[in-house]
Amino acid sequence: QGQLVESGGGVVQPGGSLRLVCRHSGSIFNMYVMGWYRQAPGKQREMVATFTGGGPKNYADSVKGRFTISRDNTEKTVSQHMNSLKPGDKAVYYCYEGESGVDYWGRGTQVTVAS
C-alpha cells in the first residue's frame, strides 16, 4: 500500500510559474507509469506529463516546452515545473502512479491562472 500527496498548487498570473511536488509514501514508487494528470471544470482528466518504464518522458502537446517533469529516487518524489502558465492550464492536478491495472492517485492540487 502507498499514498501520493501533492503540494505546490496555487494562484498565479498568466506567464507565471509554479512547481508541483508529489511525495510517494509506503511501498509504491517506480511503477511503470508515474507522473501528472489534470482535470479542468467540465472536462475529462488528461495526461500532462509522465515517465514511462523509468525512462522516457511524455508530455501533452499543450504543455510541451513549458512544463518539465523530474524525479528524485532518493526522496521518492516526482515534480513538475510549470512555466509560462496560461489561463487554459487552470485545473486540479493529480499525481499518478500505476501499472498492470493497479492505480494510485493523489487527492489533487488546484492550479489557478488568472490576472
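The values are calculated or read from the model by the stated rules, or taken from the named source; none is laboratory data. Because the structure is a prediction, the values reported are computed rather than measured. Glycine also receives a Cβ, built like all others from the backbone with ideal geometry; neighbour counts cover every protein chain displayed. To get the accessible areas, we keep the full protein, side chains included, count just its heavy atoms, and leave off ligands, DNA and RNA. Shrake-Rupley method; radii C 1.70, N 1.55, O 1.52, S 1.80 Å.
Checking the stated criteria, residue 110 turns out to be of a type outside the set (Val, Ile, Thr), farther than 18 Å from residue 33 by Cα, out of contact with any His (no Cβ under 8 Å at 6 or more places or on another chain) and part of a strand (DSSP E or B).
Yes/no matrix, rows are residues, columns are (1) within 17 Å of residue 2 (Cβ to Cβ); (2) β-branched (Val, Ile, Thr):
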| residue | (1), (2) |
| --- | --- |
| 23 | yes, no |
| 42 | no, no |
| 56 | no, no |
| 61 | no, no |
| 70 | no, no |
| 75 | yes, no |
| 92 | no, yes |
| 106 | yes, no |
| 109 | no, yes |
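Scanning the range 1-14 for residues that are more than 14 Å from residue 105 (Cα to Cα) and either of a type outside the set (S, T, N, Q) or modelled with pLDDT under 95 (or both) returns 8, 9, 10, 11, 12, 14.
If the condition is being open to solvent by less than 90 Å² (accessible area, probe 1.4 Å) and either of a type in the set (D, E, K, R) or more than 14 Å from residue 111 (Cβ to Cβ) (or both), then the range 66-78 contributes 66, 68, 69, 70, 71, 72, 76, 77, 78. Candidates 48, 63: the one that is in a loop (DSSP other than H, G, I, E, B), of a type in the set (A, V, I, L, M) and buried (at least 18 other Cβ atoms within 10 Å of the Cβ) is 63. Within the range 66-91, the set of residues being part of a loop (DSSP other than H, G, I, E, B) and within 20 Å of residue 23 (Cβ to Cβ) comprises 73, 74, 75, 76. In the range 15-42, the residues that are at pLDDT below 90 reach residues that are open to solvent by 30 Å² or more (accessible area, probe 1.4 Å) and among the polar types (S, T, N, Q) with C-beta atoms within less than 6 angstrom, at least six apart or across chains, in these pairs: 25/3; 26/1; 26/3. Among the residues making up the range 92-107, a single one is modelled with pLDDT of 95 or more, open to solvent by 30 Å² or more (accessible area, probe 1.4 Å) and not in a strand (DSSP E or B): 107.
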